Amino acid sequence: MIGQLRSELLKQRPTETTLYLFLAMFGLVALVITMNVLGVGADDLAASAQQLQDFEAGSRAGMLFAGLAGAIAITAEIRYGTIRPTFLVTPRRGPVIAAKLAISALVGIVFGLLAEGLMAADASVALSARGIDNQLTGGDYLQLLAGGAAAAALWAVAGVGVGALVRNQVGALIGLCAWMFLVESTSESFVPDFGRLLPGGAGIALAGNSDALPAAVGALLLILYAAAAAAAGWRAALRRDIA
Amino acid sequence: MTQLVETAPLAASCPVVTPTGVVELLLAADAGVAGGGHDRLMQSEAISQRTADQTLSVVPPVAPRLSEAVVSCRALTKRYGDLAAVNEVTFSLERGTVTGYLGPNGAGKTTTLRLLLGLAEPTAGDALVFERRYGELEQPFHYVGAVLESNDFHPARSGRDHLRMLAVAAGLPLSRVEEMLELVDLRDAAKRRVRAYSLGMRQRLGLAAALLGDPQLLILDEPANEADPSGVRWLRTFLQTLAAEGRTVLISSHRLAQVAQTVDQVLIIDHGRLLARGPLDELTTNGQSLEDVYLELTAGEAS
């Protein structure tokens, strides 16, 4: 198992994929946060709850890109055929999938921390540029970082599961993006009571961007989603034939 | 092995069948694949640095019992819906043999190999290596090395990193990676990303990966399909060296000329059914060529 973990760490290193994901995430967070802070009326931005809510794009970006990284961890192996030598070395596929889940969760934590950090920095610059007081407390920041990192880690785990199920890399990535940008955001806008229970909404609660759901409930829901996706992907990866 | 040499006239032109000799041949072969005189010059320097005692068997080999069949398929069947890709195939391979697994495209060759390697589950029957299912072998890489596709690499990963990620998962020392890079003469290209590799280099990297665990059995699927003549000859000599060390080789192909010079026995499969098996010289009696036998058998099956 140690060998499989080290192997998965090595697989993260040499390709530019992770770097491009980081860059794309940075661009998205910077754009959305800046637009939100500059676009929202000054009165609305004065309250800390409103500030947190306007910054949820940071948490969402961390979760989404962590999920993409998790999906890539397995679909890239299928796409490029390295899944064959990988499973020839470790034919009992469980340890391979377990190592992918563990390393992807670590990568997800990094994505989450970076997304929240960038969000906080960008928001505080944009707020001070408009002369609005930054209402976020140390506790808020702590929850953003810790909760955001945990939410991104869980999304990365779910991403591995989705990737193992879907197998097609483009399909898995488009599916995750469509989920976050279409299903979640539509639900959030039109059926908020339902939207806040979805994986993205639960992560937002965990990161403290929303008080529509207690953070603990959000955490529990997201753990269940991630466990379900990982279990389904695990089952598929262990049973399906490799082409 | 003596039999193999007799059935392989080209071996006479490569009298030095030692690993070092193989590498030299490899270099000569690759000059046509990877580049021109500059490559050749660099490669000659590489040869002179190579030590004489370098051998394939660096990791202590696992010694299977002499009596056990290295490969055995018993009534092996794999169905996809109504189609039987592999239909009640039964054969076994003994230690030290080089076997050609022949048949047209879609005959069931690759499916059989995937079943043997645990990448797919049989619908019925057994596919065993060293009398166990592949997934039941402890440290299978010491028993079996396989190259199924010539391009199972991440294009953005270097050749060295490809081998490292496999060695690390296998718990093999990283020094083994360097030895394999040296063996297939990819040391100078080890840092480069695989996307910059020529076909011949990819083929050698695949072999290096398969040989990381110093396996007793080597399984190659259509190994020289796209290789040029020098690459084909390099591979042939390489396989003969491995067989001379007592390893077993199973190589699937539909290129008969290439196989006839390399193997000492053949299995012929079409439409999922094993049509013939036996030593090359027994199949090709009455002055028939392997091609005659093959076409006769596969045509009969198709009608």
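Derivation of every value follows stated rules applied to the coordinates shown; laboratory data play no part. This structure is a prediction, so every number in the text was calculated from the model and none was measured. Reconstructed Cβ throughout: ideal geometry from the backbone, glycine too, with neighbour counts over all protein chains shown.
Computed from label points 7 Å out along Cα-Cβ, the spacing between B:R195 and A:L220 is 4.7 nm. Using the Stokes-Einstein relation with a Kirkwood hydrodynamic radius computed over Cα pairs, the translational diffusion coefficient of the protein assembly as shown at 37 °C and a viscosity of 0.692 mPa s comes to 127 µm²/s. Using a cutoff of 8 angstrom between alpha carbon atoms and counting only pairs six or more residues apart, the relative contact order for the range A:159-243 works out to 35 percent. In order along the range B:187-197, phi translates into HN-Hα couplings of 4, 5, 9, 4, 7, 6, 6, 4, 4, 8, 7 Hz, rounded to whole numbers, per the Karplus curve 6.51 cos²θ - 1.76 cosθ + 1.60 with θ = phi - 60° and x for Gly and Pro. Among A:I33, A:I132, sorting on how many other beta-carbon atoms sit within 10 Å of each Cβ, with the fewest leading, yields A:I132, A:I33. Legend: mean number of C-beta atoms from other chains within 10 angstrom of residue C-beta atoms, peptide A:226-236, equals 0. Dipole of the range A:2-239 computed with +1 at Lys/Arg Cβ and -1 at Asp/Glu Cβ about the Cα centre; of A:I97, A:T86, A:Q51, farthest Cα towards the positive end is A:T86. Residue exposure proxy: B:V98, B:V89, ordered by other Cβ atoms within 10 angstrom of their Cβ from fewest to most, comes out as B:V89, B:V98. Near A:L64, once Lys and Arg are set to +1 and Asp and Glu to -1 for all other residues with Cβ below 13 Å from its Cβ, the sum equals -1. Projected over every direction and averaged, the convex hull enclosing the alpha-carbon atoms of the range A:91-153 yields 4.5 nm². As a proxy for reagent exposure, B:T112, A:T90, B:T298, B:T123 were ordered by neighbouring Cβ count within 10 angstrom, fewest first; the result is B:T123, B:T298, A:T90, B:T112.
Computed from the C-beta positions of B:E121 and A:I174 and an R0 of 30 Å, the FRET efficiency is 0.50 to the nearest 0.05.
Relative contact order, percent, of chain A when contacts are C-alpha pairs under 8 Å separated by at least 6 residues? 26 percent.
Legend: mean number of C-beta atoms from other chains within 10 angstrom of residue C-beta atoms, peptide A:76-85, equals 6.
Tell me, how many Å apart are the Cα centres for the range A:31-71 and for the range A:130-205? Their Cα centres are 11 Å away from one another.
If you take each beta carbon of peptide B:141-150 and count the beta carbons of other chains within 10 angstrom, what is the mean?
3
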